Amino acid sequence: MRRSEFAELADHVFGPSLARTYTHDLVLEEIGGLSAAEALERGVAVRAVWNALCDAMEVPESARWEIPVEQRRR
């Protein structure tokens, strides 16, 4: 998973405004008490950060990975 995919999925799952808020402000214990943005900057695997964010926000597995084709960025 690439960081661009993380950003696109976060925007889709949470909406652009909340995605930015959650990524920068939410402390994720699963990845050492860092925010998603801090973890990514420190080199934590993008997939691990995405899973930690989704776990913290109780996003079901079925809603984590697929963006409908018509909603994808071009």
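Answer yes or no: is there a residue in the stretch 39-52 that is in a loop (DSSP other than H, G, I, E, B), at positive phi and modelled with pLDDT of 95 or more. Yes, there is a match, as at least one residue in the stretch 39-52 is in a loop (DSSP other than H, G, I, E, B), at positive phi and modelled with pLDDT of 95 or more. Screening V69 with (1) of a type in the set (V, I, T); (2) under 19 Å from S4 (Cα atoms); (3) modelled with pLDDT under 95; (4) crowded, with 16+ Cβ neighbours inside 10 Å gives one miss only, at (4). On the stretch given as the stretch 8-38, residues that are part of a helix (DSSP H, G or I), over 15 Å from R64 (Cβ atoms) and of a type outside the set (V, I, T) total 9. Looking at E8, E58, can you tell me which residue is on the phi > 0 side of the Ramachandran plot and either surrounded by fewer than 18 Cβ atoms within 10 Å (Cβ to Cβ) or modelled with pLDDT under 95 (or both)? After ruling out the rest, the residue left standing is E58.
The values are calculated or read from the model by the stated rules, or taken from the named source; none is laboratory data. Computed from a predicted structure; not experimentally measured. Here the Cβ is made from the backbone with ideal geometry for all residues, glycine too, and neighbour counts use every protein chain on show.
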